[in-house]
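Student: Here you go, one structure.
The values are calculated or read from the model by the stated rules, or taken from the named source; none is laboratory data. No experiment lies behind these values; they were computed from the predicted model shown. No Cβ is skipped: glycine too gets one built from the backbone with ideal geometry, and neighbour counts run over all protein chains shown.
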């Protein structure tokens, strides 16, 4: 962790490589009509300002692979010249008027002529230092605002009101910042971790994620379901995007199959936490279970498991049998499919009975426990009524510019 600008030494972890920078000349940014920027392709599609009269010493690597160089930038006739000095007393040098990356790789080819490795000029010249510190300041500022909000909200609101800070917006030097109180993006985290080595690196996060997935698969295993009546795959005459034979074999193994987790395993896993949070009461072992979907998740396995739960209940590790009260919720279209409502409006007018020509797909759920999405119904009705209004205007030849203007004004 560096203390720049209190110290002129900066240690940054960039793309898995630890760079140590010693600032010799900070330089300055020329006027806007002269100022140049790095290529957007050089580092995460971000452009960085190129300073003038700039000189730093950069080192990275260990032992025989250690590199110690001096990187300088000076504008000549409004064009930045990138220079890298190396060797004993930094007497040898390479230059480029094109980019810092070209200068860095010219140097690398001299040091290791047969290497296939490539260097980032942005990292070697430390041209992203301004953005890195800006990201850190913004992150710390957001965290402090969030703490202040929590402390202040506790003085004016009851804890049951659940006051939540959703978004932070502010401007610094005509640059807008917006921070949502949610996990930050990968690139932003990389930039922040470069300045704060105590943050876990991507490898650590990946290993933790993998460990959690393995634990979840052991606790709530994924079962494989064969899907019948699948169409034969159509051959594709294109170059494959994935050439790894292990990945291809794994993908082919699951073609025509679907993965699902047993509802009993999920309920048994979350049951202790629900009891601890007093969402449910073990003295009154009843679980109101809401099922919803979009037409892809209801099938024979789910129906069988749910029917068994409703009839026999759920037995937990303590031997308590929980009664399951199932509910079904979805938009009207999917609910009509599940309930097998197939009558037309003319048939309903002649015989306004329930309208079922077959028994519902989920027979274990009472009809009184089907809850349609009222918002979806309202939007469908509103859409239909609005369509009728437009049709009437057109039949009366009143759908003109004046009508359109009134509609746009209301919208």
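Student: Residues in the range 63-71: is at least one at positive phi, free of Cβ contacts under 8 Å to residues at least 60 places away in the same chain and in the same structural domain as residue 122 (by TED's automatic domain parsing)? Steps first, answer last, please.
Tutor: Kept after step one, since they are at positive phi, are these residues of the range 63-71: 63.
This time we only want the ones that are free of Cβ contacts under 8 Å to residues at least 60 places away in the same chain, so: 63.
Of the ones still in play, those that are also in the same structural domain as residue 122 (by TED's automatic domain parsing) are 63.
Yes, the conditions are met somewhere in the range 63-71.
Student: Separate question: Determine which single condition residue 173 fails, assuming it passes every other condition in (1) at pLDDT 60 or above; (2) surrounded by fewer than 11 Cβ atoms within 10 Å (Cβ to Cβ); (3) within 30 Å of residue 26 (Cα to Cα).
Tutor: (1)
Here's the yes/no breakdown for (1) at pLDDT below 80; (2) surrounded by 10 or more Cβ atoms within 10 Å (Cβ to Cβ); (3) touching a helix residue (DSSP H, G or I) at 6+ places or on another chain (Cβ under 9 Å); (4) not in a helix (DSSP H, G or I):
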| residue | (1), (2), (3), (4) |
| --- | --- |
| 360 | yes, yes, yes, yes |
| 376 | yes, yes, yes, no |
| 382 | no, yes, no, no |
| 392 | no, yes, no, no |
| 397 | no, no, no, yes |
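Student: Restrict the check to the range 296-309 and report whether at least one residue is in contact with a helix residue (DSSP H, G or I) (Cβ under 8 Å, 6 or more places away or on another chain), part of a loop (DSSP other than H, G, I, E, B) and at pLDDT below 85. If you could, list the steps in order and put the result at the bottom.
Tutor: So the first thing to find is which residues in the range 296-309 are in contact with a helix residue (DSSP H, G or I) (Cβ under 8 Å, 6 or more places away or on another chain), and the list is 298, 302, 305-306, 309.
Next, only the ones that are part of a loop (DSSP other than H, G, I, E, B) stay: 298.
Among the residues that remain, those that are also at pLDDT below 85 are: 298.
Yes.
Student: Hey, another quick one. Would you mind stating whether residue 340 is at pLDDT 80 or above and surrounded by 12 or more Cβ atoms within 10 Å (Cβ to Cβ)?
Tutor: no
Student: Let me ask you something else. Can residue 117 be described as at pLDDT below 85 and surrounded by fewer than 18 Cβ atoms within 10 Å (Cβ to Cβ)?
Tutor: The answer is yes for residue 117.
Student: Could you count how many residues in the range 362-374 are in a loop (DSSP other than H, G, I, E, B), modelled with pLDDT of 80 or more and touching a strand residue (DSSP E or B) at 6+ places or on another chain (Cβ under 7 Å)?
Tutor: Matching residues across the range 362-374 total 2.
Student: For residue 33, only one of the following conditions fails: (1) farther than 20 Å from residue 14 by Cβ; (2) in contact with a strand residue (DSSP E or B) (Cβ under 9 Å, 6 or more places away or on another chain). What is its number?
Tutor: (2)
Student: Same structure again: Cβ contacts < 7 Å: first residue closer than 15 Å to residue 261 by Cβ, restricted to the range 201-224; second residue in a loop (DSSP other than H, G, I, E, B), any location; separation 6+ or different chain. Result?
Tutor: Qualifying pairs under 7 Å: 223/262.
Student: Please find, within the range 56-75, the residue that is surrounded by the most Cβ atoms within 10 Å (Cβ to Cβ) out of those that are more than 18 Å from residue 120 (Cβ to Cβ) and modelled with pLDDT of 90 or more.
Tutor: 75
Student: Among the residues in the range 38-46, are any in contact (Cβ under 8 Å) with a residue 12 or more places away in the chain, outside any helix (DSSP H, G or I), farther than 22 Å from residue 16 by Cβ and in contact with a helix residue (DSSP H, G or I) (Cβ under 7 Å, 6 or more places away or on another chain)?
Tutor: No: zero hits.
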